1. Might you let me know whether region 41-55 holds any residue that is more than 18 Å from MET1 (Cβ to Cβ) and touching a Gly at 6+ places or on another chain (Cβ under 9 Å)?
2. If you take the residues of region 62-76 that are open to solvent by less than 70 Å² (accessible area, probe 1.4 Å) and assigned to a loop (DSSP other than H, G, I, E, B), which of them is modelled with the lowest pLDDT?
3. Read through the list (1) surrounded by 10 or more Cβ atoms within 10 Å (Cβ to Cβ); (2) over 14 Å from the mean Cα position of the chain (by Cα), then give the number of the only condition that TYR3 fails.
4. How many of the residues in region 9-50 are small (Gly, Ala, Ser), free of Cβ contacts under 8 Å to residues at least 24 places away in the same chain and either assigned to a loop (DSSP other than H, G, I, E, B) or open to solvent by 80 Å² or more (accessible area, probe 1.4 Å) (or both)?
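The values are calculated or read from the model by the stated rules, or taken from the named source; none is laboratory data. These numbers were taken from a predicted model, which means no experiment stands behind them. Positions of Cβ are generated from backbone atoms using ideal geometry, with glycine treated the same way; all protein chains shown enter the neighbour counts. Surface areas here come from the heavy atoms of the whole protein model, side chains and all, with no ligands, DNA or RNA. Shrake-Rupley method; radii C 1.70, N 1.55, O 1.52, S 1.80 Å.
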Amino acid sequence: MRYRFNVFGRIIAIERVGDEWAAHLSGNDGKRRPAGLAIPSDVPPTELAQYLYDIYHESATRTNGDVFEIAPSQDA
């Protein structure tokens, strides 16, 4: 299953590949590139948003101050 998060204004797609998590940055043009982010394999999907917040909290701004999952209906 693929999860998409708005991480302080950047879109990060995360999916399970075997026993590991793979993270990609999503561009406005629909292209993806590796995020260069290692997510421990034991992080459950319910804790991905908090993990991303902990890693990227220094990227927060007044207008982009949170991490939230993008519902599948919103990822068009």
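1. Taking every residue of region 41-55 in turn, none turns out to be more than 18 Å from MET1 (Cβ to Cβ) and touching a Gly at 6+ places or on another chain (Cβ under 9 Å).
2. At the first step, the residues of region 62-76 found to be open to solvent by less than 70 Å² (accessible area, probe 1.4 Å) are 64-65, 67, 70-71, 75.
From the residues that got through so far, the ones that are assigned to a loop (DSSP other than H, G, I, E, B) too are 64-65, 70-71, 75.
Values: ASN64: 88, GLY65: 90, ILE70: 95, ALA71: 85, ASP75: 46.
Per the criteria, the residue is ASP75.
3. Among (1) surrounded by 10 or more Cβ atoms within 10 Å (Cβ to Cβ); (2) over 14 Å from the mean Cα position of the chain (by Cα), the lone unmet condition for TYR3 is (2).
4. 7
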